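Q: Dumping the structure here so I can ask a few things about it.
The values are calculated or read from the model by the stated rules, or taken from the named source; none is laboratory data. Everything quoted here is computed from the prediction, not taken from an experiment. Here the Cβ positions follow ideal geometry from the backbone for every residue, glycine too, while neighbour counts run over all protein chains shown. Please note that ligands, DNA and RNA were not included when accessible areas were found on the heavy atoms of the full protein model with its side chains. Shrake-Rupley method; radii C 1.70, N 1.55, O 1.52, S 1.80 Å.
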Amino acid sequence: MNFVEELKWRGLLHDIIPGTEELLAKEKVKGYIGFDPTAESLHIGSMVQIILLMHLERHGHKPFALVGGATGMIGDPSGKAEERSMLSEEILQKNVNGVENQLRKFIDFDKGAELVNNYEWFKEFNLLSFLREVGKHISVSYMMAKDSVKKRLETGISFTEFSYQLIQGYDFYWLWKNKDVKLQLGGSDQWGNIVTGTELIRRIGGGEAYALTVPLVTKADGTKFGKTEQGNIWLDANLTSPYQFYQFWLNSSDEDAAKYIKIFTFLEKDIIERIIQEHLEQPHLRNLQKKVAEEITRLVHGEEELSGAQSATAVLFGQGTTEQLSQMNEHLFLQIFEGVTQFKFAASELENGLNILDLLAVNTQVFSSKGEARKMIQQQALSINKQKYIDPNGIIDSSALLNNKYLLLQKGKKQYFLLIAE
RNA sequence: GGGGAGAUAGCCAAGUGGCCAACGGCAACAGACUGUAAAUCUGUCCUCUUCGGAGUUCGAAGGUUCGAAUCCUUCUCUCCCCA
């Protein structure tokens with residue numbers, strides 16, 4: 001199976017420039033994907049692009065990862081309803097470093113693959129030269145016809161964002177000319193920018209370049225992929241703990257999980273088909289979700305963090321009872337709860353008993369206000385040490401502590417908090 | 001430069017002197033059901049609250065009025081048409 005066929009059955013092919021498949025069959029191709037340094041860490045949305053590069057490498061080609069030190073200063077209008085605020089150069093530099101370090105975890109840039117930053121070729125490029133060398137080749141009507149621009153004409157787009165496609169287009173040209181990169185990959189929202197690049201290569205360099213895009217990952221219910229009530233799911237373990245990361249995938253719907261296993265794992269076709277089939281027969285086992293969560297957590301965080309996330313999951317969502325929790329030794333206990341949101345409070349507060357609302361909203365920030373805490377308790381959304389707690393005027397004292405030190409709180413079924421009395 | 005339309009809670013959107021903390025929908029959170037799924041049903045959804053209430057909102061600032069999201073004035077911004 002070749003690269004393009006692989007992408008097809010995995011549901012990873014959206015658009016492709018004619019001739020791309022032939023080129024890939026004929027020679028070892030250098031292909032690149034750009035990553036925007038909009039934050040210090042990538043999130044799981046970018047994971048698709050990373051996996052795409054990994055597939056490219058597995059099929060014997062040479063992946064290039066471009067970090068947009070220059071493009072990040074401009075702001076891509078693609079898919080954005082309004083003008084973005086610009087990042088300071090200081091933050092940008094931090095983001096570039098963060099993103100580069102993450103990419104290194106997935107692709108070995110010492111063995112053929114390359115990591116580049118487009119700031120390298122833009123920092124010395126002055127405005128007049130750019131206008132003469134690049135701008136002259138692309139007409140305004142061509143640029144305005146792009147979806148990313150067209151959608152913004154009525155609501156407003158600055159000249160800065162308007163020119164974004166030329167900057168990105170030039171990246172492709174530069175890589176084509178200096179590094180022999182003939183292929184650009186990206187999300188489907190990047191199609192317009194990518195095509196501007198191939199156009200520049202044709203007009204300035206008289207050469208041919210190729211591209212393919214992957215579809216945007218969607219959820220069956222139409223809501224945005226990669227977001228939870230806590231916000232983005234990040235690849236950085238400090239921003240999203242491996243436990244939370246594992247839980248995110250485990251919570252996928254059946255329909256989504258069947259899609260994700262093809263996109264986010266490298267499992268073979270027949271294995272995936274078997275897992276999906278088994279899941280159809282015994283959906284309550286959730287083996288499909290477990291497999292997806294397992295594979296991608298291992299890829300992003302490694303074997304050790306994976307097993308930590310799995311043991312925490314087993315305790316929190318298994319048949320665990322209060323007794324089981326209190327019998328656990330402290331070392332294991334803390335290890336399991338490593339990825340769970342934690343709050344510390346003074347043990348002395350509990351000596352004479354503490355009002356439950358104060359504990360939840362004043363001494364800790366499990367809830368943002370006492371009013372909210374009260375409402376949640378009234379809705380029967382709170383559990384302490386795995387038992388429903390329904391009295392909004394209740395008093396908590398030291399006897400509730402596990403190991404004389406801990407309280408395990410649950411907001412709803414899925415959100416856990418560990419309170420530590422010190 | 002001339003003419004027109006508009007700005008309401010995270011988003012969409014109704015309201016055009018008191019019954020408005022503001023209809024409805026989406027998103028979100030929680031409960032029931034279940035499989036940590038989907039669908040469905042129920043509750044919450046400006047802030048705080050001793051759950052009785054209290055405080056601050058309808059682009060901004062003033063004004064009229066017993067009373068303004070609603071009327072008047074000025075300003076800011078967005079879109080459309082003409083030049």
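Q: Could you count how many residues in the range A:342-375 are touching a residue at least 12 places away in the same chain (Cβ under 8 Å), open to solvent by 60 Å² or more (accessible area, probe 1.4 Å) and either within 14 Å of RNA strand B (Cβ to nearest atom) or in a helix (DSSP H, G or I) (or both)?
A: Initially, the range A:342-375 is screened for residues touching a residue at least 12 places away in the same chain (Cβ under 8 Å), giving A:342-347, A:349-361, A:363-367, A:370, A:373-374.
Retained after the next criterion (residues that are open to solvent by 60 Å² or more (accessible area, probe 1.4 Å)): A:342, A:344, A:349, A:351-352, A:365, A:370, A:374.
Imposing the further condition that a residue be either within 14 Å of RNA strand B (Cβ to nearest atom) or in a helix (DSSP H, G or I) (or both) reduces the set to A:349, A:365, A:370, A:374.
Residues meeting the conditions: 4.
Q: Quickly run through the range A:315-327 and pick out the residues that are open to solvent by 50 Å² or more (accessible area, probe 1.4 Å) and farther than 20 Å from A:Ala257 by Cα.
A: So the first thing to find is which residues in the range A:315-327 are open to solvent by 50 Å² or more (accessible area, probe 1.4 Å), and the list is A:317, A:319, A:321, A:323-324, A:326-327.
Those that are open to solvent by 50 Å² or more (accessible area, probe 1.4 Å) and farther than 20 Å from A:Ala257 by Cα: A:Gln319, A:Thr321, A:Glu323, A:Gln324, A:Ser326, A:Gln327.
Q: Among the helices (runs of 4 or more DSSP H) contained in the range A:237-306, which hold 2 or more residues that are open to solvent by 40 Å² or more (accessible area, probe 1.4 Å)?
A: Details: elements: A:242-250, A:254-264, A:269-281, A:287-301.
Filter on the range A:237-306 gives A:254-264, A:269-281, A:287-301.
Q: Modelled with pLDDT of 90 or more and part of a helix (DSSP H, G or I): does that describe A:Val116? Lay out the reasoning, then the answer.
A: Numbers: modelled with pLDDT of 90 or more: yes; part of a helix (DSSP H, G or I): no.
No.
Q: May I ask you to verify whether A:Ala400 is within 28 Å of A:Gln247 (Cβ to Cβ) and either open to solvent by 50 Å² or more (accessible area, probe 1.4 Å) or among the small types (Gly, Ala, Ser) (or both)? Steps first, answer last, please.
A: Values: within 28 Å of A:Gln247 (Cβ to Cβ): yes; either open to solvent by 50 Å² or more (accessible area, probe 1.4 Å) or among the small types (Gly, Ala, Ser) (or both): yes.
Judged against the criteria, A:Ala400 is a match.
Q: Quick one: how many residues across the range A:376-395 are over 33 Å from the mean Cα position of the chain (by Cα) and loosely packed, with under 14 Cβ neighbours inside 10 Å?
A: Qualifying residue count, the range A:376-395: 6.
Q: Just the residues that are in a helix (DSSP H, G or I) and either within 12 Å of RNA strand B (Cβ to nearest atom) or without any contact (Cβ under 8 Å) to a residue 12 or more places away in the chain (or both), please, taken from the range A:381-422.
A: The initial filter retains those residues of the range A:381-422 that are in a helix (DSSP H, G or I), namely A:398-400.
Within the range A:381-422, just A:Ser399 meets the criteria.
Q: Go through (1) more than 9 Å from RNA strand B (Cβ to nearest atom); (2) touching a helix residue (DSSP H, G or I) at 6+ places or on another chain (Cβ under 7 Å) one by one and return the number of the condition A:Leu288 breaks.
A: (1)
Q: Out of the residues in the range A:9-45 that are within 20 Å of A:Phe109 (Cβ to Cβ) and part of a loop (DSSP other than H, G, I, E, B), state the one that is farthest from the chain's Cα centre (by Cα).
A: Initially, the range A:9-45 is screened for residues within 20 Å of A:Phe109 (Cβ to Cβ), giving A:28-37, A:40-42.
Cutting the leftovers down to part of a loop (DSSP other than H, G, I, E, B) gives us A:28-29, A:36-37, A:40-42.
Working: A:Lys28: 29, A:Val29: 27, A:Asp36: 13, A:Pro37: 13, A:Glu40: 12, A:Ser41: 9, A:Leu42: 6 Å.
Of everything passing the filter in the range A:9-45, A:Lys28 is farthest from the chain's Cα centre (by Cα).
Q: What single numbered condition from (1) surrounded by 15 or more Cβ atoms within 10 Å (Cβ to Cβ); (2) more than 30 Å from A:Trp174 (Cβ to Cβ) fails to hold for A:Ala211?
A: Condition not satisfied by A:Ala211: (2).
Q: Being small (Gly, Ala, Ser), modelled with pLDDT of 90 or more and within 15 Å of A:Phe245 (Cα to Cα) is true for just one of A:Gly308, A:Gly339, A:Gly302. Which residue is that? Talk me through it step by step, then tell me what you get.
A: Details: A:Gly308 fails: modelled with pLDDT of 90 or more; A:Gly339 fails: modelled with pLDDT of 90 or more.
One residue alone meets the criteria, A:Gly302.
Q: Let me ask another. Could you go through the range A:150-164 and let me know if any residue there is hydroxyl-bearing (Ser, Thr, Tyr), in the same structural domain as A:Leu52 (by TED's automatic domain parsing) and in contact with a strand residue (DSSP E or B) (Cβ under 6 Å, 6 or more places away or on another chain). Steps first, answer last, please.
A: Start the filter on the range A:150-164 by keeping residues that are hydroxyl-bearing (Ser, Thr, Tyr), which leaves A:155, A:158, A:160, A:163-164.
Within this subset, residues satisfying the condition of being in the same structural domain as A:Leu52 (by TED's automatic domain parsing) are A:155, A:158, A:160, A:163-164.
Among the residues that remain, those that are also in contact with a strand residue (DSSP E or B) (Cβ under 6 Å, 6 or more places away or on another chain) are: none.
No; the residues of the range A:150-164 include none that is hydroxyl-bearing (Ser, Thr, Tyr), in the same structural domain as A:Leu52 (by TED's automatic domain parsing) and in contact with a strand residue (DSSP E or B) (Cβ under 6 Å, 6 or more places away or on another chain).
Q: Just to be sure I understand, how many residues within the range A:146-178 are at pLDDT below 90, open to solvent by 50 Å² or more (accessible area, probe 1.4 Å) and more than 16 Å from RNA strand B (Cβ to nearest atom)?
A: The qualifying residues number 1.
Q: Quick check on A:Tyr164: is it of a type in the set (Ser, Thr, Tyr) and more than 25 Å from A:Phe3 (Cβ to Cβ)?
A: Details: of a type in the set (Ser, Thr, Tyr): yes; more than 25 Å from A:Phe3 (Cβ to Cβ): yes.
Taking the combined requirement at face value, the residue satisfies it.
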